[in-house]
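Enquirer: Please see the structure below; I have some questions.
The values are calculated or read from the model by the stated rules, or taken from the named source; none is laboratory data. The shown structure was predicted, so the numbers you read here are calculated from the model rather than taken from an experiment. Cβ placement follows ideal geometry from the backbone for every residue including glycine, while neighbour counts extend to all protein chains displayed. Each accessible area value is taken on the protein alone, full model and side chains, heavy atoms only, with ligands, DNA and RNA left out. Shrake-Rupley method; radii C 1.70, N 1.55, O 1.52, S 1.80 Å.
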Amino acid sequence: MIIVMKPYSEEKQVQDVCNVLKKLSFGVHISEGSEVTIIGAIGNERKLSDVPLELMPGVDKLVPILESYKLASKTFKPEVSVVDVDGVKIGGEQLVIMGGPCAVESRDQILTISETICKSGAQFLRGGAYKPRTSPYSFQGLEEAGLKYMKEAKEQFGLKLITEIISLESIAIADKYVDMFQVGARNMHNFHLLRELGKTNKPVLLKRGLSATIEEWINAAEYIMSEGNYNVVLCERGIRTFETATRNTLDLSSIPVIKSKTHLPVMVDPSHAAGKWEYVLPLSRAAIAAGADGLIIEAHPDPRHALSDGPQSLTPEQFNELCVIIHKLAPIVERTF
Ligand code: PEP
Ligand code: MN
């Protein structure tokens, strides 16, 4: 249920409504728009039948939220959300590009690729320190040592950092180094992990599960938000279909669907969708044209010798070319880069 307050209602009126809801054991979430404050009440709605909330001073109307998710829905928050990651805003006018290797392999690798990322105008270094690989015998990541290399690159090149977390222990360690957590496709259904991320206030990039519907994916965001962390950015990375020519099928239709159903920013990972570097640039152009707020791209100084996902990784030159093209495309979709 949401309680829509009248335009410019008083702070005390909002607090009075919140207090009534809290007494009835509702979870209370406030969304302050430029004119109207909306109160989200999560709990047993039958308890509201004896409480005439609509008669309380400052209340305009009560609106049920029909979707299974509440805080992520546009009904709860009609204005788009902009997630601020240490000064870089995702979901605003500026497109955001995150680049870097699938896995952090060495100090040299990270510093080399970070220079490319910085010079091409991208804002984030991505790098996997904890790698949830399909085979337990594949390279599993350098863990904290890898995060230290990323931190050094941040200090040298001024990039923001994002890394995937896979467990409570990795959240605690990565929290000391990175600006944003990444939830991988394989963990989108790990509700315990999502709740723990909700207890931090660090922004989270939530990838779509390999076979998750859009509704399941938004509900995964809701798990994070329900614990109080509203800094969630969704990331389309392709889904499993019958097609084998690409690693996954990039579901670009999810971008307008997400924008119509939620207020959250959405980014696209064309690398894991394509599985081949040749397809990354055309899919990136398509994603930006369809309204994505940014891209996360795998790039490696020497893709042929990469320890993971080499075939889909761009070389420094290709990454730079991609950024030049996004720079030209941005004004056409009324964005900047
Ligand atoms: C990754 O970003 O390296 C990764 C493993 O992605 P996904 O979770 O989308 O497969
Ligand atoms: Mn990868």
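Enquirer: Being away from ligand 2 (no atom under 15 Å from the Cβ), assigned to a strand (DSSP E or B), out of contact with any His (no Cβ under 7 Å at 6 or more places or on another chain) and of a type in the set (Asp, Glu): is that true of ASP108 here?
Expert: Details: away from ligand 2 (no atom under 15 Å from the Cβ): yes; assigned to a strand (DSSP E or B): no; out of contact with any His (no Cβ under 7 Å at 6 or more places or on another chain): yes; of a type in the set (Asp, Glu): yes.
Spelling it out, it is not the case that ASP108 is away from ligand 2 (no atom under 15 Å from the Cβ), assigned to a strand (DSSP E or B), out of contact with any His (no Cβ under 7 Å at 6 or more places or on another chain) and of a type in the set (Asp, Glu).
Enquirer: Let me ask another. Could you grab me the full set of residues in the range 293-306 that are crowded, with 23+ Cβ neighbours inside 10 Å and in contact with a Ser or Thr (Cβ under 9 Å, 6 or more places away or on another chain)? Show your work before the answer.
Expert: Initially, the range 293-306 is screened for residues crowded, with 23+ Cβ neighbours inside 10 Å, giving 293-300.
Selection gives LEU295, ILE296, ILE297, GLU298, ALA299, HIS300.
Enquirer: I need every pair where a residue in the range 112-139 that is within 15 Å of SER313 (Cβ to Cβ) and open to solvent by 40 Å² or more (accessible area, probe 1.4 Å) has its Cβ under 7 Å from the Cβ of a residue that is hydroxyl-bearing (Ser, Thr, Tyr) and assigned to a loop (DSSP other than H, G, I, E, B), sequence separation at least 6 or different chains.
Expert: Correct list of pairs: PHE139/SER308.
Enquirer: Looking at the range 251-337, what helices (runs of 4 or more DSSP H) fall wholly within it and have at least 2 residues that are closer than 29 Å to GLU105 by Cα?
Expert: Working: elements: 254-261, 270-274, 280-289, 316-329.
Once the helices (runs of 4 or more DSSP H) in the range 251-337 are filtered for at least 2 residues that are closer than 29 Å to GLU105 by Cα, what remains is 270-274, 280-289, 316-329.
Enquirer: Within the range 257-265, does at least one residue satisfy the condition of being touching a strand residue (DSSP E or B) at 6+ places or on another chain (Cβ under 6 Å), touching a residue at least 60 places away in the same chain (Cβ under 8 Å) and within 12 Å of ligand 2 (Cβ to nearest atom)?
Expert: no
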